[in-house]
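The values are calculated or read from the model by the stated rules, or taken from the named source; none is laboratory data. Given the structure is predicted, the values throughout are model-derived calculations rather than measurements. As a convention, Cβ positions derive from the backbone with ideal geometry for all residues, glycine included, and neighbour counts pool all protein chains shown.
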Ligand SMILES: Cc1ncc(COP(=O)(O)O)c(C=O)c1O
């Protein structure tokens, strides 16, 4: 009996006709070029095939073993945020003319994706206040690494100064990407208020020629940086100023462009993209126009067609690996286009006022919660600087058992800082977005009071 | 056929397509909360449209786009196979979609089980014991594996500097090697498209860290000397890399590990049916042999003796992370659904039908078009339109554009770079015989058409040929008011 599968349409009759046209007696003959000793003699040691019904059951069982944010009250952020994404976003993403399409190499047949990418780039420029955006990178950590490599290429220098407020996983990615490029990474610490120490930055910039200064806003601990204060020192030292930013906060925070940044990068997940256990997400990268030829990845541009109509096409491709090979700006090929489309649909849905509402509601709710929590005995905010919707909370005692007790009561109360910063075992990072009704915030405060009181 | 306005040119100030619940906590006094120096001045210039116009705009854009769901997409090297709907259904389940990547391991046992299981499937398919799922796409997989290769040599106190790549290799291979600090040396291929052992031998010196091989290679020919090449490399402790972009030809039939390859990447978005999303996302997990395992990125997925899963961040020799979190989880999940749908028993059937389809289409085309690498192929084949160019004055690009008029997406053109006027065709296993017949007939019909029809093409698409030179010369890369 031939193996039957819904994704394999060839009937035995088709197969016979095709083999006759090829002029061979069986499919096995077509594998003749593979030396016999390299071919598998026994089937792979893997479970047998499943019908669609069985697949759904098996994966439902696996999915049920996850406690989703639908079943837990979640306050985890740290670079991935639980936002409300309008129904239209998901419906538009499921247009299979978009999601089953390849990279738009034949632009006449793929104007839809190309125009949406052009709109995406326009949105990223609007948010960041910069002049050019690429068509996406893998995720925020990758975007940071590529931004630093751009600065390295631009300046011919091989050292970056990075604020300790940059996401620790992004810093790790940067270290991995530059492992074999002899790049020095100097980390500038934070001041007592939770913001990057400007004096230390000045000192590090003066120490050795530097390609880039990187500051995150809001930083990993939640603090809103005075971004503009860093542009002058960076430029005076001949370095590029790279701002890693969170896109929703850009509705209320001064944009990288307004602050004198040369490059902005970040994680775009908060723009309507599901948490999805960490991916696929969206790395974004924008820069001043004079840096465009150093940018990594695809860029979509506007042009005219033979009939004089406006049309869109991938452009400036002489930066890319398929043309430049080992001299390319980056090795990226497949990117995160569909997620760029998701962000575009999301921004199109909420518009400038909606985005500001999302940012302001999140901030108001976060401040409401922080006020309540910091009234609990022994509990205080770790930092004094202004912040948006994420804050570091010092519980005054080891956080791990507290978080465990909160989890037992159905609350993911925050991220233990100890995960990234050994020694900071009393602190947690708490994120609040527009999705939290006041009742949930009140319950968080009450349950924490109870847990702390009971301990 | 008309232009479609940009979303920015539609709508009106004051419109929007999403509202939120009224604020139920005290609003912040913006001035007291954020000092002026930190606050944004003008609001970002984003679209302002109502919901219906939003939906209509992007639905119309989608209608100006084609995908696998609308027609055959025979792009060589891209493995544009059907994207199963059940994969999407599974991935959209609440238990997978709404899970935060930093949740405690105890609350994500299902997600960790998916990762753990995917690692086992890929290891068995690769014939290599260790897998890392982190890389986001093939190119990041290449970079990761090369970093691992470098760390391995470092651990032995060696610093070989050269990576060899065949001239038929994909651009990401040399680009990844350069990103990893290596010098790239290009190896010419023989007339039959394969690596020339005699030419290769003197190049393999102790300065060689790795050779990157695609097998079958990008002209659709199996590198039959792969075992001997591996032995030559191993003699100097160099590594053999397997670029998995063409795994669809051999998956379940032969294993890179058994060929002597030391490391490889998978393109989940090619071989394992996940959608390309108009250019991404993908997933590019890697598999390595035992000697390279200690250097893989962290975190690793562990399974305890009681069957519970956890993430382990501590591996002293690890190269570190190549991205945040554990990878493009949603894509890996879809890939696993696909693998389980075929099972160990069904997997070889994918490669068998893919190779059957490619050879069948080649058999229908080879009378009319020149096939520089012969009458047989693996899962894809390359035609050269040099003769047509010479005799008819029409290029591979002209054929590609004319195909669009007949409603077909073109094969890959001008790749690999070693074939003049290349048309690289990969029909994939999910296409039915009659679809291949129709494509062959259309290609034949185009070949018989007056050249002027090809030069003018496309005429039936929403837009005609684009001024690509103008686009690059005067870059307009965003909308401005
Ligand atoms: C032969 C080959 N190698 C590597 C790649 C790169 O893979 P990705 O696009 O997933 O980064 C491709 C993809 O197009 C390819 O065809």
Can you find a residue that is in contact (Cβ under 8 Å) with a residue 40 or more places away in the chain and within 11 Å of the ligand (Cβ to nearest atom) anywhere in the stretch B:180-191?
no
Matching option when the condition is in contact with a helix residue (DSSP H, G or I) (Cβ under 6 Å, 6 or more places away or on another chain), more than 7 Å from every other protein chain (Cβ to nearest Cβ) and touching a residue at least 60 places away in the same chain (Cβ under 8 Å), among A:384, A:344:
A:344
Look through B:122, B:28 and report the one residue that is farther than 30 Å from residue A:111 by Cβ, surrounded by fewer than 24 Cβ atoms within 10 Å (Cβ to Cβ) and at pLDDT 95 or above.
B:28
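The rows are residues; the columns are (1) under 27 Å from the mean Cα position of the chain (by Cα); (2) closer than 27 Å to residue A:11 by Cα; (3) in contact (Cβ under 8 Å) with a residue 40 or more places away in the chain.
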{"residue": "B:378", "(1), (2), (3)": "yes, yes, yes"}
{"residue": "B:401", "(1), (2), (3)": "yes, no, yes"}
{"residue": "B:435", "(1), (2), (3)": "yes, yes, yes"}
{"residue": "B:444", "(1), (2), (3)": "no, yes, yes"}
{"residue": "B:455", "(1), (2), (3)": "no, no, yes"}
{"residue": "B:474", "(1), (2), (3)": "no, no, no"}
{"residue": "B:477", "(1), (2), (3)": "yes, no, no"}
The stretch A:105-117 - residue that is at pLDDT 95 or above and more than 7 Å from chain B (Cβ to nearest Cβ) and, of those, nearest to residue A:269 (Cα to Cα):
A:117
Working only within the stretch B:127-149, note down all residues that are away from the ligand (no atom under 16 Å from the Cβ) and either modelled with pLDDT under 95 or crowded, with 23+ Cβ neighbours inside 10 Å (or both).
B:128, B:131, B:148, B:149
Check whether at least one residue in the stretch A:265-286 is more than 7 Å from chain B (Cβ to nearest Cβ) and more than 30 Å from residue B:100 (Cα to Cα), and report yes or no.
no
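Quick grid of which residues meet (1) away from the ligand (no atom under 16 Å from the Cβ); (2) under 30 Å from residue B:304 (Cα atoms); (3) assigned by TED's automatic domain parsing to the domain that holds residue B:354:
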residue	(1), (2), (3)
B:21	yes, no, no
B:32	yes, no, no
B:35	yes, no, no
B:45	yes, no, no
B:52	yes, no, no
B:74	no, no, no
B:81	no, no, no
B:99	yes, yes, no
B:108	yes, yes, no
Looking at B:384, B:318, can you tell me which residue is surrounded by fewer than 24 Cβ atoms within 10 Å (Cβ to Cβ), in contact (Cβ under 8 Å) with a residue 12 or more places away in the chain, more than 8 Å from chain A (Cβ to nearest Cβ) and under 30 Å from residue A:175 (Cα atoms)?
B:318
Collect the residues in the stretch A:61-71 that are facing chain B (nearest Cβ under 7 Å) and surrounded by fewer than 19 Cβ atoms within 10 Å (Cβ to Cβ), keeping them in residue-number order.
A:64, A:65, A:70
List the pairs whose first member sits in the stretch B:279-291 and is in the same structural domain as residue B:132 (by TED's automatic domain parsing) and farther than 10 Å from residue B:331 by Cβ, whose second member is within 9 Å of the ligand (Cβ to nearest atom) and in a loop (DSSP other than H, G, I, E, B), and whose Cβ atoms are under 6 Å apart, counting only residues at least 6 apart or on separate chains?
B:279/A:103; B:279/A:335
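Residue by residue, here is whether (1) over 17 Å from the mean Cα position of the chain (by Cα); (2) more than 8 Å from every other protein chain (Cβ to nearest Cβ) holds:
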site: B:259; (1), (2): yes, no
site: B:268; (1), (2): no, yes
site: B:302; (1), (2): yes, yes
site: B:310; (1), (2): yes, yes
Take the conditions more than 9 Å from every other protein chain (Cβ to nearest Cβ), under 26 Å from residue B:218 (Cβ atoms) and assigned to a helix (DSSP H, G or I) and apply them to residue B:443. Does it pass?
yes
Could you tell me which of the residues A:355, A:369, A:339, A:393 is in contact with a strand residue (DSSP E or B) (Cβ under 6 Å, 6 or more places away or on another chain) and crowded, with 22+ Cβ neighbours inside 10 Å?
A:393
Tell me the residue from B:208, B:195, B:221 that is in contact with a helix residue (DSSP H, G or I) (Cβ under 9 Å, 6 or more places away or on another chain), within 16 Å of the ligand (Cβ to nearest atom) and more than 30 Å from residue B:302 (Cα to Cα), please.
B:195
Here are A:77, A:26: which of them is more than 7 Å from chain B (Cβ to nearest Cβ) and more than 44 Å from the chain's Cα centre (by Cα)?
A:26
Among (1) within 16 Å of the ligand (Cβ to nearest atom); (2) farther than 17 Å from residue B:148 by Cβ; (3) in contact with a strand residue (DSSP E or B) (Cβ under 8 Å, 6 or more places away or on another chain), the one test that residue B:282 misses:
(3)
The residue from B:358, B:351 that alone is within 28 Å of residue A:20 (Cα to Cα) and out of contact with any strand residue (DSSP E or B) (no Cβ under 7 Å at 6 or more places or on another chain) is B:351
Please go through the stretch A:70-101 and pick out each residue that is in contact with a strand residue (DSSP E or B) (Cβ under 8 Å, 6 or more places away or on another chain) and at negative phi.
A:72, A:73, A:74, A:75, A:76, A:77, A:80, A:81, A:82, A:97, A:98, A:101
If you take the residues of the stretch A:92-104 that are within 7 Å of another protein chain (Cβ to nearest Cβ) and in a helix (DSSP H, G or I), which of them is surrounded by the fewest Cβ atoms within 10 Å (Cβ to Cβ)?
A:96
For the stretch B:370-402, what are the residues that are assigned to a loop (DSSP other than H, G, I, E, B) and either over 17 Å from residue B:420 (Cα atoms) or touching a helix residue (DSSP H, G or I) at 6+ places or on another chain (Cβ under 7 Å) (or both)?
B:371, B:375, B:376, B:377, B:378, B:379, B:380, B:385, B:393, B:394, B:395
Working only within the stretch B:446-471, note down all residues that are within 14 Å of chain A (Cβ to nearest Cβ), surrounded by 16 or more Cβ atoms within 10 Å (Cβ to Cβ) and in a helix (DSSP H, G or I).
B:454, B:456, B:470, B:471
Consider residue B:103 carefully, then state whether it is away from the ligand (no atom under 16 Å from the Cβ), surrounded by fewer than 21 Cβ atoms within 10 Å (Cβ to Cβ) and either over 30 Å from residue A:400 (Cβ atoms) or at pLDDT 95 or above (or both).
no
Of all residues in the stretch B:64-86, which are facing chain A (nearest Cβ under 7 Å) and assigned to a helix (DSSP H, G or I)?
B:86
When you go through B:196, B:235, B:167, B:207 one by one, which is the residue that is in the same structural domain as residue B:271 (by TED's automatic domain parsing) and out of contact with any strand residue (DSSP E or B) (no Cβ under 8 Å at 6 or more places or on another chain)?
B:235
